[in-house]
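This report concerns only the one structure given below.
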Amino acid sequence: MRKLVPFCLFLLCSLPVDAANVTEGRVVFPLPVSPPTRLEVEGGMAGANAATPATFQGLLRVPTGAGKAPAVVLVHTCHGPSFYQHWLERLNDLGYVTLSFSRCSTPTGEPDDTAHSTFDWKRGATIAFGALQYLSALEEVDPSRIAIMGWSRPAMVPLAVLNYEGFSQFHDLQFRTAIAVYPFCSFARGPHRAPILIVSAGQDDYVDPVVCGRISTSTREDDYPIDFRVIEDAYHGFDIPKFGPRHAATRAEINPDEYSASGGTLEYRADYEAILASFVEDHLEKNMKP
């Protein structure tokens with residue numbers, strides 16, 4: 001993989017990952033500037049993001065010999081990248097370049113911008129568009145085929161970036177499609193600029209899947225109606241092996257991002273992970289063609 005200096009401030013590390021046949025490195029990318037929303041102005045929060053860093057960092061993985069490859073931006077929780085390693089490897093094996101980050105992808109490892117709960121929408125969307133612009137400039141990436149995927153409450157970011165009335169209106173580059181896994185669905189309201197897949201856990205007691213179903217129904221007449229799937233007997237985190245057997249999770253365990261939310265139930269199920277993987281692969285195959 002060529003050096004990434006022209007498109008990032010510095011490269012924190014760069015090493016081949018033989019098992020996954022990818023080149024991996026932590027990169028720092030610049031963030032675009034979006035004007036304050038009307039809600040921020042009216043609420044006296046117009047400067048909420050003014051003091052935040054103008055850059056952010058993420059984990060870049062490039063399959064070797066991929067050529068001009070499609071890519072996926074991944075927005076995960078503050079549980080850490082190791083919780084999502086199997087998803088990175090799965091997407092890399094399918095030929096996708098991945099650039100992943102969380103609210104805790106900061107030099108200190110602490111949640112970003114906790115003074116204001118704007119990471120959910122403005123801050124998260126800003127970082128996502130920064131990642132999109134960074135990937136689009138790489139020789140290894142096809143800029144017309146970049147998707148975004150997220151989990152849990154941060155999965156509202158993939159929903160927000162495709163909303164016509166959201167921050168996409170301030171950016172020329174756009175995501176090709178989005179995938180949200182057991183997300184907080186307030187930002188799922190359409191219309192949207194591209195196809196969206198939402199997969200909810202039917203027994204989720206941390207993020208209400210009923211809201212996602214209701215909002216997806218409201219998009220049926222849109223140009224891009226939401227493809228909404230429910231794995232009926234699944235609980236939150238069903239695709240993350242490190243969550244282990246079903247158990248009642250404290251707020252600290254289920255919510256390291258420090259959102260205003262209580263605890264809930266976590267349970268990993270390999271069979272449900274396989275179902276989700278098939279949904280994701282089918283969605284990408286359908287919507288990421290050259």
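Filter the trypsin sites (Lys or Arg not before Pro) in segment 159-213 to those in DSSP coil with at most 11 other Cβ atoms within 10 Å of their Cβ, and list the result.
In loop regions of segment 159-213 (DSSP not H, G, I, E or B), there are no sparsely surrounded trypsin sites (Lys or Arg not before Pro).
Rounded to the nearest 0.05, what FRET efficiency is calculated for Gln85 and Asp222 with R0 set to 35 Å and r the Cβ-Cβ distance?
The computed FRET efficiency comes out at 0.50.
Whose amide H sits under 5 Å from the amide H of Gly202, counting only residues 5 or more places off or on another chain, with H placed in the peptide plane?
Hits under the 5 Å cutoff: Ile231, Glu232, Asp233, Ala234.
Using only the Cα atoms of segment 88-178, build the gyration tensor, take square roots of its eigenvalues as a ≥ b ≥ c, and label the shape rounded, prolate or oblate: rounded if a/c is under 1.5, else prolate if a/b is larger than b/c, else oblate.
oblate
Which FRET efficiency, nearest 0.05, do Thr64 and Ser278 yield, Cβ-Cβ r, R0 30 Å?
So the FRET efficiency works out to roughly 0.70.
Extending each Cα 7 Å along its Cβ direction at Lys289 and Glu139, get the distance between those two points in nm, one decimal.
3.0
Would you mind calculating the gained length between Ser260 and Ala54 on full extension (0.36 nm times residue separation, minus the Cα-Cα distance), in nm to one decimal?
71.6 nm
Provide Leu276, Leu159, Leu88 in ascending order of the number of other Cβ atoms located within 10 Å of each residue's Cβ, fewest first.
Listing Leu276, Leu159, Leu88 from fewest to most nearby Cβ atoms yields Leu276, Leu88, Leu159.
Step through the residues of segment 87-94 one at a time and calculate ³J(HN,Hα) from phi using the Karplus curve (6.51 cos²θ - 1.76 cosθ + 1.60, θ = phi - 60°), rounding each to whole Hz and writing x for Gly and Pro.
The phi angles translate into 6, 4, 5, 4, 5, 4, 5, 7 Hz.
Among the aspartates and glutamates, select those whose C-alpha is under 20 Å from the C-alpha of Lys242, and discard any that sit fewer than 8 residues away in the same chain.
Within the straight-line limit of under 20 Å, Lys242 reaches these aspartates and glutamates: Glu89, Asp204, Asp205, Asp233, Glu253, Asp257, Glu258, Glu267, Asp271, Glu273.
DSSP loop (so not H, G, I, E, B), at most 12 other Cβ within 10 Å: list which GluC sites (Glu not before Pro) in segment 211-287 pass both filters.
Qualifying residues, ordered by number: Glu221, Glu232.
Read-outs throughout are calculated quantities, based only on the coordinates presented, and are distinct from any laboratory measurement. Bear in mind the structure is a predicted one, so any value in this text is a computation, not a measurement. Because the Cβ atoms are built from the backbone with ideal geometry, glycine has one as well, and the counts that use them run over all protein chains shown.
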